[in-house]
Amino acid sequence: MTVQSSMKIAVFGLGSMGYGMAQSLLRAGHTVHGFDVVQQQVERFRDDGGAGGELADIAGSLDAVVVVVLNAEQTEDVLFGDNGVVPRLKDGAVIISCATVPPGFAIDAEAQCAAAGIHYLDAPISGGSGKAGPGPPQCAAAKMAHARPPRAQEKNTNASGRRRKTPGRT
């Protein structure tokens, strides 16, 4: 099995935090599609190197979706609304939800994503736009045990490539 070094990612919410995160993903060599309710932000992101394409055309090929919106209501709309992304994603894709949402919302969203074969990571961010672009913003992530980054699934390593430690062993 080959380890994937470049991913196809969509970022929903190209405000100050989301735009900076999307730019960081571009600099890391990923193909990044940007979506926002403000069309000028989408055009600006494409002018800065972001990939084009309509969600309906590209969603099935995405490896990950980063949702950088204001709240649970907007997150719900992006994921499960009339044009929600979750039903369009391929099996095993990962949702990274960056809004601060109530724990019950995150638990329900994870269950809905899991039922669709999608991994859900609740990862609210802070640090402001000043850290989003150059990185790293602060992130408090919570996930279910079965959702691991693609590289960690391939071998017994953590995201930085180091051998995982088993609790209780040295």
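The values are calculated or read from the model by the stated rules, or taken from the named source; none is laboratory data. Predicted model, so just to flag it, every value in this text is computed and none were measured. When we count neighbours, we look across all protein chains shown, and the Cβ atoms used for this are built from the backbone with ideal geometry, even at glycine. These accessible areas exclude ligands, DNA and RNA; they are computed on the full protein's heavy atoms, side chains included. Shrake-Rupley method; radii C 1.70, N 1.55, O 1.52, S 1.80 Å.
Descriptive notes on the structure:
- Placed amide H near residue 62: partners under 5 Å, 5+ positions off or other chain: 90
- For the stretch 20-36, backbone phi angles converted through the Karplus equation (6.51, -1.76, 1.60; θ = phi - 60°) give residue-by-residue couplings of x, 5, 4, 5, 4, 5, 4, 4, 7, x, 8, 7, 10, 9, x, 10, 7 Hz, Gly and Pro being listed as x.
- Backbone amide hydrogens, once placed in the peptide plane, bring residue 95 within less than 5 Å of 65, 119, 120, 121, excluding anything fewer than 5 places away on its chain.
- The stretch 1-93 - Debye-derived log10 I(q)/I(0), Cα point model, q = 0.14, 0.16 Å⁻¹: -0.47, -0.61
- Multiplying the residue separation of residue 107 and residue 27 by 0.36 nm and subtracting their alpha-carbon distance yields 25.6 nm.
- In nm, spacing of pseudo-spin labels at residue 57 and residue 43 (7 Å Cα→C-beta vector): 1.8
- Per residue, the accessible area of the stretch 61-122 comes to 44 Å² when a 1.4 Å probe rolls over the protein heavy atoms.
- Prolate/oblate/rounded label for the stretch 41-121 (Cα gyration tensor, a/c 1.5): oblate
- Extension gain, residue 82-residue 8: 0.36 nm per intervening residue step, less the Cα-Cα distance, totals 24.3 nm.
- In order through the stretch 88-101: 3J(HN,Hα) via Karplus (6.51 cos²θ - 1.76 cosθ + 1.60), integer Hz, x for Gly, Pro: 8, 7, 6, 4, x, 5, 10, 9, 10, 9, 9, 6, 7, 10
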